[in-house]
Amino acid sequence: MTIERRLQAPPATVFAAWTDPAVLPRWFGPAGFDCRTRAMDLRVGGEWRFDMVGHGMTFPNRHRWTALEPPSRIAFLMDAGDGAAEPMAVEVRLHPDGSGTRLVQTVTFPTTEALDAARAYDAEARGRETLTKLAAALDE
């Protein structure tokens, strides 16, 4: 599943929004959800454990950082952190686009069933909502 968005900020600024522990939780997640960080070690080999809370629901999450290559690439494994399911692999590429950035986010699901489950809750639309929140955070 691939989601793209053009952002007005240059790649270094977008990269910083993805990698600043004070900024990332403020925008990450779809519309109507907030992130409550439990622990964050934002480095390759580190992880971010947080709860995504909204609409009367709480979803535990874990991102395990596998690549942080400023200002062009971020990669992590994403799961609930409970070992119940194989993680999704997420890669975010930041390409210069005039004075802004073309962000390309690719999510690779471990199984067809996991992809089908994501499609059932319209994960692509939720991802676009997340990138809309990122764009708003960059305008702050």
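The values are calculated or read from the model by the stated rules, or taken from the named source; none is laboratory data. This is a predicted model, so every value here is computed, not measured. Note: ideal-geometry Cβ built from the backbone for every residue, glycine included; neighbour counts use all protein chains shown. To get the accessible areas, we keep the full protein, side chains included, count just its heavy atoms, and leave off ligands, DNA and RNA. Shrake-Rupley method; radii C 1.70, N 1.55, O 1.52, S 1.80 Å.
Read through the labelled values [x] -0.96, -1.09, -1.23, -1.38; [y] -1.02, -1.07, -1.12, -1.18; [z] -1.11, -1.20, -1.27, -1.34 and report the label of the one computed as log10 I(q)/I(0) by the Debye sum over Cα atoms at q = 0.17, 0.18, 0.19, 0.20 Å⁻¹ from the structure. Step by step, log10 I(q)/I(0) by the Debye sum over Cα atoms at q = 0.17, 0.18, 0.19, 0.20 Å⁻¹ for this structure corresponds to label [x].
Viscosity 0.692 mPa s, temperature 37 °C: Stokes-Einstein D of region 43-94 from its Kirkwood Cα radius, in µm² per second? For the chosen part, D equals 278 µm²/s.
Three principal axis extents describe the C-alpha atoms of region 16-66; from largest down they are 32, 19, 15 Å. Here, region 57-140 has an Rg and a Dmax of 14.2, 43 Å when only alpha carbons are counted.
Accessible area per residue for region 73-140, computed on protein heavy atoms with a 1.4 Å probe, is 53 Å². With K and R counted +1 and D and E -1, the other residues having a Cβ less than 13 Å from that of A114 yield a net charge of -3. Placing unit charges on the Cβ atoms only, positive for Lys and Arg and negative for Asp and Glu, gives the chain a dipole magnitude near 240 debye about its Cα centre. Considering only alpha-carbon pairs that sit under 8 angstrom and 6 or more positions apart, the relative contact order computed for the chain is 29 percent.
For region 31-140, the residue among S72, T108, A123 whose Cα projects farthest onto the positive side of the dipole built from Cβ charges is S72.
The gain in end-to-end length when the A136 to A12 segment is fully stretched comes to 43.0 nm, 0.36 nm per residue minus the alpha carbon separation. Among M52, P87, T19, which residue has its Cα furthest toward the positive end of the charge dipole of the chain, with +1 on Lys/Arg Cβ and -1 on Asp/Glu Cβ? Farthest along the dipole direction, towards plus: T19. Only the Cβ atoms of Lys and Arg (+1) and of Asp and Glu (-1) were treated as charged; on that basis the dipole of region 1-50 about its Cα centre amounts to roughly 80 debye.
Take the Cα of T112, step 7 Å toward its Cβ, do the same at M1, and the gap between the two points is 1.8 nm. Spacing of the modelled spin labels on D97 and T19, each 7 Å from Cα toward Cβ, amounts to 2.1 nm.
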